[in-house]
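Report on the following structure.
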Amino acid sequence: MMRTSILAGALWATLLLLVCARPAFSEEVGNVVEVAGTVTIVRGELTLPAAAGTPLEAGDLVRTGRPGRARLVFQEDTVMTVADGSELRVDESKFRPQDGAASSLFSLLVGKARLLVSDNYGQAGASLEVETVTAVAGVRGTEFVVAFSSKSRVTEILAVKGSVRVHSVIDLEGPGVLLRAGELTAVAEGSLPTPPRKAKAGEAASLQEGLVVGGPGATDLAVDQAQSAKSDPGEEGRAARTTPAPSAAENLDKKPPAFPGDRLPSTPADVLGEPPSVLRKGGGTGVEF
């Protein structure tokens, strides 16, 4: 009888330890919809391999290898592409479907990411921010690229569409700078953002390398500018024919290997060619969410 009681007590103690060791419940905030190369999700003390359909939770760290690339869709329909050699943490992603209220915060620890921000952030009170060691970019319904180099300690931000408000971490309450489509700024550690300026075709292409998204017929800022330069090159365009194109990524780490076609393999519809809601339901990817 005594032995049975001891065994029962030990069993209950083991069960209690297992329950206590389980991570607290965390609500899903999005999904991985495409991967190429090596991509992992760091969740607490766990490191999980990422694949199409892997859920994302607040606090997750998305880590891409070299090569490695991931495309993410969040619950409020924001689409994000994370480039090779990057680490991005999902600090917060809140969404109330009943009234469209949205609030998100991401931390880009190193590397590059491109965001196509949901129209839900065009509403009053909505907020989406991407933070790096040196800068904070805040947007409402736009598309932009943010890149941070751990080597040079510089953040570069390129507005592809819409507008982006950029602050230095040393002056979060100041006016910052406002980027409009086609403009970029750089924020070095301990410095304020540089004045916005029009990105040259080579600069835009360099920053968007490995982050090209869009369905058939979609164009990127670099493509638009290259076509304009071809039809009316001007002095700058003529010089570009005989000299290497300038690169805004010269203060970034060495470029990672490119994927064939410089884009993620689609399965079978591109993320921006289908509504995110369709992708989450598996309508375009064959993955049930």
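Listing for the model above:
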read-out	value
Of all residues making up segment 134-153, the number that are farther than 18 Å from ALA188 by Cα, touching a strand residue (DSSP E or B) at 6+ places or on another chain (Cβ under 8 Å) and not in a strand (DSSP E or B)	2
Test: residue in segment 51-65 that is without any contact (Cβ under 8 Å) to a residue 60 or more places away in the chain, over 29 Å from GLY141 (Cβ atoms) and not aromatic (Phe, Trp, Tyr)	yes
Test set (1) closer than 15 Å to SER107 by Cβ; (2) in contact with an Asp or Glu (Cβ under 6 Å, 6 or more places away or on another chain); (3) charged (D, E, K, R) - GLU131 fails condition number	(2)
Meets criteria (surrounded by 23 or more Cβ atoms within 10 Å (Cβ to Cβ) and in contact with a helix residue (DSSP H, G or I) (Cβ under 7 Å, 6 or more places away or on another chain)) for VAL117	no
Subset of segment 68-103 that is in a strand (DSSP E or B) and at pLDDT below 90 - its residue that is nearest to the chain's Cα centre (by Cα)	SER93
Residue within segment 114-129 that is at pLDDT below 90, acidic (Asp, Glu) and at negative phi present	yes
Residue list for segment 178-196, filter: of a type in the set (A, V, I, L, M) and part of a strand (DSSP E or B)	LEU178, LEU179, LEU184, ALA186, VAL187, ALA188
Segment 178-207: number of residues that are among the β-branched types (Val, Ile, Thr) and under 21 Å from the mean Cα position of the chain (by Cα)	2
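The values are calculated or read from the model by the stated rules, or taken from the named source; none is laboratory data. All values derive from a computational prediction rather than experimental measurement. So basically every Cβ, Gly included, is an ideal-geometry build from the backbone, and we count neighbours across all protein chains shown.
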